[in-house]
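Working notes, structure below.
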Amino acid sequence: MIYGAPAPGLIEVPAGAVQLSPLIPGSTDIASLPDVSANSATILAPPGTLERDYVLAQALRVLKSGAPITAFAPKDKGGSRLKKALEGFGCKVTEDARKHHRFCSAVRPAEPVGLTAAIEAGRPRIVPSLGLWSQPGVFSWDRPDPGSLRLLEVLPALYGAGADLGCGIGLLARAVLASPKVKALTCADIDGRAVACAEHNLDDPRAKVVWADLRRPLNGLTDLDFVVMNPPFHDGGAEDKALGVAFIEAAARMLAKRGVCWLVANRHLPYEAALAKAFETVTVRGDGGGYKIFEARK
């Protein structure tokens with residue numbers, strides 16, 4: 001098993017390893033794998049505690065007794081805590097450091113401890129503060145994202161066929177679908193966990209949820225009447241303004257002439273040039289609380 005996409009040269013990945021990362025579309029869900037069935041696990045551990053422990057516990061659940069596990073992460077993104085986390089599951093851990101990462105090696109003990117509790121803490125569930133399905137590790141998993149809330153304050157009732165790009169668990173999409181004039185809504189996100197939660201949250205025949213990397217073409221989505229989005233601007237923990245630009249360009253390709261894109265962005269992000277290049281008119285519909293809201297028309 002391999003979880004995540006290590007940088008080239010960082011670690012050797014066994015040939016034929018099954019990819020388990022929810023951030024790589026088409027990957028296998030680690031929760032779907034049977035107990036004590038895998039021969040090895042290589043884990044690029046996520047930084048969040050609940051998410052990390054969930055992944056490690058699932059990997060130990062799936063591994064055969066005595067099978068090797070290697071978990072690693074950048075030192076400043078959880079790597080320094082990996083050894084303690086694995087020891088908490090009953091593993092005897094060997095640790096080393098190289099290329100700004102911490103690497104922890106162990107074998108699956110015959111009787112690991114604490115797996116059930118860690119899996120329970122990191123599993124998908126209905127989050128009371130949202131009233132929606134979510135899961136640790138998903139963007140803004142346990143509270144409404146303030147940017148999305150700002151967009152909802154000014155978003156008019158939409159109509160026709162549209163898309164929610166970077167839909168997350170479906171917070172914006174639920175509001176869009178409140179308009180009876182919306183005929184169809186395609187919701188896309190790169191996080192398979194968010195997609196699974198959105199499928200629960202958007203119990204509406206007009207909604208279709210797609211697991212996709214929107215930096216690549218999404219076939220069959222053209223001539224739309226509208227797009228809504230709160231695009232990401234981090235990739236692997238580092239700020240990447242090109243992500244938002246890719247979303248803007250994708251929206252422009254999807255929209256019909258006179259179609260509209262509603263976008264919310266952190267105020268410091270310089271999207272004006274990309275919007276002006278991709279759209280006929282761009283209007284700022286909100287500017288406050290650290291966010292800008294744009295209405296852009298083809």
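The values are calculated or read from the model by the stated rules, or taken from the named source; none is laboratory data. From a predicted model like this one, the values you see are computed outputs, not experimental measurements. Here the Cβ is made from the backbone with ideal geometry for all residues, glycine too, and neighbour counts use every protein chain on show. Just the protein is used for accessible areas: all its heavy atoms, side chains included, with ligands, DNA and RNA removed. Shrake-Rupley method; radii C 1.70, N 1.55, O 1.52, S 1.80 Å.
Per-structure values
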read-out	value
Efficiency of FRET from Cβ geometry, Arg98 and Val13, R₀ 22 Å, rounded to 0.05	0.85
FRET efficiency for Ser105 and Asn266, using Cβ-Cβ distance with R0 set to 35 Å, rounded to 0.05	0.35
Two-decimal ratio, segment 173-298, of alpha-carbon radius of gyration to 2.2 N^0.38 Å	1.04
Distance in nm between pseudo-label sites at His200 and Glu280 (7 Å out along the Cβ direction from Cα)	4.3 nm
Percent breakdown of C-alpha pair distances by 5 Å bin, ordered from the shortest bin, for segment 102-156	4, 14, 15, 16, 15, 10, 9, 7, 4, 3, 2, 0
Where Glu280, Glu95 fall by accessible area, highest first, once all protein chains stay in place (1.4 Å)	Glu280, Glu95
For the chain, cysteines whose Cβ has no other cysteine Cβ within reach (under 4.7 Å)	Cys91, Cys104, Cys197, Cys261
Segment 5-92: C-alpha gyration tensor shape, a/c 1.5 cut-off, then a/b vs b/c	rounded
Percent RCO, i.e. relative contact order, over segment 1-59, from Cα pairs under 8 Å lying at least 6 residues apart	38 percent
Per residue accessible area in Å² of segment 163-284, where ligands, DNA and RNA are left out and the probe is 1.4 Å	46 Å²
Whole-percent carbon and sulfur share, accessible surface of the chain, 1.4 Å	54 percent
Nearest-10 value in Å² for the accessible area of His268, using the 1.4 Å probe	110 Å²
Size of electric dipole in the chain: Cβ of Lys, Arg +1 and of Asp, Glu -1, about Cα centre, debye, nearest 20	260 debye
Total lysine pairs under 24 Å (Cα atoms) in segment 68-209, excluding pairs fewer than 8 apart on one chain	12
Ordering of 110-119, 39-48 by packing [mean C-beta count within 10 Å, highest first]	39-48, 110-119
Solvent exposure of segment 1-135 as accessible area per residue, Å², 1.4 Å probe	48 Å²
Highest-MSF residue in the chain out of Asp225, Asp287, Asp191 [GNM, Cα springs under 10 Å]	Asp287
R0 of 30 Å, Cβ-Cβ distance Val36-Asp213: FRET efficiency to nearest 0.05	0.40
